[in-house]
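Here is the structure we will look at.
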Amino acid sequence: MAGSDAAAFALPTIREAFPRTIRLVSSARLRAAVLASLADDAGALALLAEIEGATSGRLVAEERGTAALAASELVHGLAHAKFINASFAYAKPREIMRFNPSGRGAWYAALAVETCIAEVGFHLTRALADANDFNAVVEYGEMIASMAGMFVDLRSVPAHVCLHPDPAIGYPAGNQLAAHARAADHNGIIYPSVRHPGGICIAALRPNVVQSVVQGPMHRLAWTGTPDFSVQTPG
């Protein structure tokens with residue numbers, strides 16, 4: 001359906017519910033607090049958590065917000081709230097992504113894990129190419145969540161400039177679109193995957209859009225000297 005709030009971009013909007021979306025989270029974030037092994041008792045653990053929190057972007061954002069993210073936007077008391085908040089607090093400081101600026105993250109998810117793997121694998125391959133070393137093994141866990149509300153819907157406009165495969169072209173346009181969507185109070189953006197033909201992705205632009213998060217299976221991506229990678233799902 002046409003959305004008047006998106007008229008400036010001549011893009012459709014839709015009210016839709018997704019009962020199951022998938023996001024991949026690095027296994028490093030699924031482990032216990034990095035300082036936990038140093039604590040002898042609950043009191044020591046609390047003190048160490050306070051020290052760790054002093055340098056945690058997520059905890060700082062939850063306490064007082066950031067320049068681009070108000071503390072009141074973050075979620076509390078929900079299962080896996082720290083993963084939701086971290087996805088918005090840990091934006092790359094000097095680099096925009098497709099639908100988020102350098103100072104504010106987003107929750108990127110897909111309807112199929114194959115799409116998630118293709119998207120994550122593309123970016124990791126680029127990072128390995130920058131390092132000139134295609135030897136790596138990384139593990140990701142599925143974070144399964146529901147979403148609902150009003151979204152900008154790009155499924156019918158796959159040639160939109162924000163979906164250009166070159167980040168230098170697609171990302172600035174995507175950030176402009178996302179800023180408009182947030183200003184219009186939309187919950188996110190539905191779009192065809194740029195890295196997995198036929199896949200559908202969703203970028204949640206607000207923390208409270210992500211609901212009922214549960215952890216799913218792990219997946220191991222491995223590079224052995226070439227840009228091609230293999231995928232294993234440990235039993």
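The values are calculated or read from the model by the stated rules, or taken from the named source; none is laboratory data. Quantities reported herein were computed from a predicted structural model and do not represent experimental measurements. All Cβ positions, glycine included, derive from the backbone under ideal geometry; neighbour counts span all protein chains shown.
Tabulated data
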{"item": "Those strands (runs of 3 or more DSSP E) lying entirely in region 151-235 with at least 1 residues β-branched (Val, Ile, Thr) and farther than 16 Å from His123 by Cα", "result": "188-192, 200-204, 211-224"}
{"item": "Members of region 90-110 found to be at pLDDT below 85, under 10 Å from the mean Cα position of the chain (by Cα) and closer than 18 Å to Ala181 by Cβ, listed by number", "result": "Ala91"}
{"item": "Single residue of Ala145, Ala181, Ala131, Ala173 found to be crowded, with 16+ Cβ neighbours inside 10 Å, free of Cβ contacts under 8 Å to residues at least 60 places away in the same chain and hydrophobic (A, V, I, L, M, F, W, C)", "result": "Ala173"}
{"item": "Evaluation of Pro192 against (1) crowded, with 19+ Cβ neighbours inside 10 Å; (2) touching a residue at least 60 places away in the same chain (Cβ under 8 Å) (one fails), failing number", "result": "(2)"}
{"item": "Test: Val209 is at pLDDT 95 or above and touching a helix residue (DSSP H, G or I) at 6+ places or on another chain (Cβ under 7 Å)", "result": "no"}
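Conditions tested, residue by residue: (1) under 16 Å from the mean Cα position of the chain (by Cα); (2) part of a helix (DSSP H, G or I); (3) of a type in the set (A, V, I, L, M, F, W, C); (4) at pLDDT below 85.
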position	(1), (2), (3), (4)
Ala61	no, yes, yes, yes
Ala67	no, no, yes, yes
Val75	yes, no, yes, no
Phe83	yes, yes, yes, no
Phe88	yes, yes, yes, no
Leu124	yes, yes, yes, no
